[in-house]
Structure formats: structure tokens, C-alpha cells
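Chemist: Quick one: this structure, given as C-alpha cells, is what I'll be asking you about.
Just so it is clear, none of the values below were taken in a lab; they were calculated from the coordinates. Predicted model only: the values in this text are computed from it and were never measured. Cβ atoms come from the backbone with ideal geometry, glycine included; neighbour counts cover every protein chain shown.
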Amino acid sequence: MQTTDSCLRSGLCIRRGGGKILHIVQILQMGQGLWRVARNQQLQQEYGEQWDAGPGLDGDPQDLGMEMGANPGQAPPSPSPGMGDLGGGPLPPHPHPRRHPQHCQGADIYQLLRARRGKAQQGFIDLEMLPPELSITILSYLNATDLCLASCVWQDLGHDEYLWQGLCKSTWGHCSIYNRRLPYGFSYRSLYMMLDEGSLTFNANHQEGISYFMSKGILVDHPKELAKFIFCTRTLNWKMLRVYLDERRDVLDELVTLHNFSNQFLPNALRDFFRHIHAPEERGEYLETLITKFSHRFCACNPVLVREVCLSPDAVYVLCYSLILLSIDLTSPHVKNKMSKREFIRNTRRAAQNISEDFVGHLYDNIYLIGHVAA
């Protein structure tokens, strides 16, 4: 059985960057809700058995006195004189003590808690007592670090392959190893550790990182497979990724074709493009290459827009540069005199005369309201 210290060490080796505070709030809320449902059902059953067993909450006559308002250790109050039968004497003791009325929907929660107060068992409900589907759903909100810590308490659930497979595919959406027949004894938990180690290595040195993935059989050296891996992964450092794509233009070509810009407005499509392929910090040959590839891909995805607005790859190329310059002008605190909408329309139509004023005006409105296209 894995000890707590070893689980802590293995758990802390995983970066917490992917863990969101929302996951912790959701797991607490779900766990508390399930705990209340299960405990209320258990308390109702225990409370019903206690009332059927005899007087008092736990079968103790002193509890009856406490129910009637007497102090602990004090006898229950005697009946008042003059309230007996025709003779006016005290009432004889009733053969069966008076019970509190029970509601149709079960005992009141206050009574259940009082009945539960004397019990020795305390604490949170065990996930192993729940149906497996509920337990797996609760643990699926945890990140890898917290799941390692949870395996110290629920070892079988914490090592469930379904949970670790979900963590792998939610962080690294595509790997070549997913499409191969997995060998006997394969563990998604071990695969997660290797993927995390490879990502950290890539963020330090992109060549060593890719070599690590290939040496472990996670990726194959094919431009399409590498492009899918980059497109579906969010843990890679964008600076290292930019250097790698600048060196591997074949991977960059495949990465561009993975984007679908159908029915997207030009500034929004450019934002989506730069979200996956970060723009360089300075203007140069690499930026021109990115915008050229984007222009051709945008026109290929929007043939109807190309016919209606008279767009062409060259016109989209000019508009992209105009949008980048406008984004810098409107968002930079160093630019005091901001470009007006009329000035932007005039300057843009000088370079792209076939584009209508209305279309260029909508481009300006989008940047003014939403912000930088390469932020």
C-alpha cells in the first residue's frame, strides 16, 4: 500500500498550473451535497429504529425529560394536581410515553441531528460507500496533484485508469500513442507523468522535449502528428513553440491547415490564429510568413465571403497588417493621438481599393470594442 509521504512526493512533482480554483469549489459543493443526502437517509433510518425501540432518543428515559425541557440530571416534571380523573388526584403514569409526531416526509432534521449527537461515528462520508459512478464523477473534478493525494485515502479510486485517461486527454488532446494498441500493463497514470515531464523539458529546450516524446513512443516524427499535438496542447511555452515552428516550417504548414475559419469575422479569425500560433514580438520574416499562410487559409475557408466582398489573399494580407497597426495604435498608452475611424478607412482603402468602406468600418469597430488581435 502506498504511503502518504510517497503520494505527497509524487503528487507535488506535478505542476499545479493546470489546477483551477473552480474545480476545488465544485468538488466541495458536490461532496457536501452527496454527504447530506447520504447522512440524512442514514439518520432517518437510525432515528426510526430508535423510536421503535422505546422511549427517549436512545432508549434512555432521561432523554424524554430533556425533550420536555428538563435540565440534565433532573427528573421529569410531575403532573399538576387537579388534573386527574373525577377524583381530582394526579394522573396515573401513561403506559406508553408520548412520542413526537412524525411528518410524512420523515423525521425533522433537527431531531435527526439530536439523535445523531450521541453517536460515536463522525466525519465525511467514504466515497467507497457511494456508487462507483458517483465516486468517479466527484474525483474527476480534481487535478493530477489532488488526485494523487486522494489516492492516499481511496487507493483503488485514486488509481482508476478512467480518471487518469481523462486527465491525459484533457491536457494533451492528441498524442500518437492514443491511436495505437496499448501494451499489457499500460498505465495512463504513468503516461501522465511522462507527458508532464516532456512538456517541462520542451519548455526548457524544444529539441530535447520533442526528442523525449519520441523516445517514449508518445509521438512519431511526422509533421501532421506533431501539428495535431501542438494544436491540442496548452502546456507548451509559446516562446519555445515559436522557435520550434520557425525551424520546422513543414509542421507550421500542417498546423495552419488545422484551423477552420469558416463564417468567422476577419479580426476574430486572426485572434484565434494567434491564440494557437503566437505572433513574434517584432516585425520580420516570420511574421510575414504567418500572415501569408493565414491569408490563404482564410480565403480557402470562406469562398462565399471572397466573392461577395471581393477578397483575395493579397487583400487579406493588407487588412491583417492594418488590423495589427490599428490594435497597437488604440491599445498602446504611449500613443496619445488615436487613429480615428475615418483615418483608418482612408488609409486602408488606399492599399486595398476593392474593399468597401462599410467592411473596413466594421473592422475598426471590432478592434475598438474587443481589443488587440494579437494580445
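Chemist: Would you mind counting up the charge near Cys168? Only other residues with Cβ under 12 Å from its Cβ, with Lys and Arg at +1 and Asp and Glu at -1.
Modeler: 0
Chemist: In sequence order, what are the phi-derived ³J(HN,Hα) couplings for region 174-179 according to the Karplus relation 6.51 cos²θ - 1.76 cosθ + 1.60 with θ = phi - 60°, rounded to whole Hz, with x for glycine and proline?
Modeler: Each residue of region 174-179 in turn: 9, 9, 4, 5, 5, 8 Hz.
Chemist: Based on the mean of other Cβ atoms within 10 Å per residue, sort peptides 351-362, 145-156 so the most packed one is first.
Modeler: By packing density, highest mean first, the sequence is 145-156, 351-362.
Chemist: Then there's this: Can you check what the net charge comes to around Pro280, using other residues whose Cβ is under 12 Å from the Cβ of Pro280 (Lys, Arg +1; Asp, Glu -1)?
Modeler: So the surrounding residues net to -2.
Chemist: Tell me the label-point distance for the pair Glu285, Asp272, using the 7 Å Cα-to-Cβ offset, in nm and rounded to one decimal.
Modeler: Output for this residue pair reads 3.1 nm.
Chemist: Tally Lys/Arg at +1 and Asp/Glu at -1 over every other residue whose Cβ is under 15 Å from the Cβ of Lys336; what's the total?
Modeler: The answer is -1.
Chemist: Sticking with this structure for a sec: List the residues whose amide H sits under 5 Å from the amide H of Thr233, counting only those 5 or more places along or on another chain, with H placed 1.01 Å from N in the peptide plane.
Modeler: So Thr233 has HN proximity to Gly173.
Chemist: If R0 is 45 Å, what FRET efficiency do you get for Ser215 and Val304 from their C-beta distance, rounded to 0.05?
Modeler: For Ser215 and Val304, the calculated efficiency is 0.45.
Chemist: Here's something else I'd like to know. First check a/c for region 244-357, with a ≥ b ≥ c the square roots of the eigenvalues of its C-alpha gyration tensor; if it is under 1.5, answer rounded, and if not, answer prolate when a/b is larger than b/c or oblate otherwise.
Modeler: Oblate, because a/c is 1.5 or more while a/b does not exceed b/c.
Chemist: Please work out how much length the chain gains when fully extended from His296 to Val335, using 0.36 nm per residue of separation minus the C-alpha to C-alpha distance, in nm with one decimal.
Modeler: Extra length from His296 to Val335 when fully extended: 10.8 nm.
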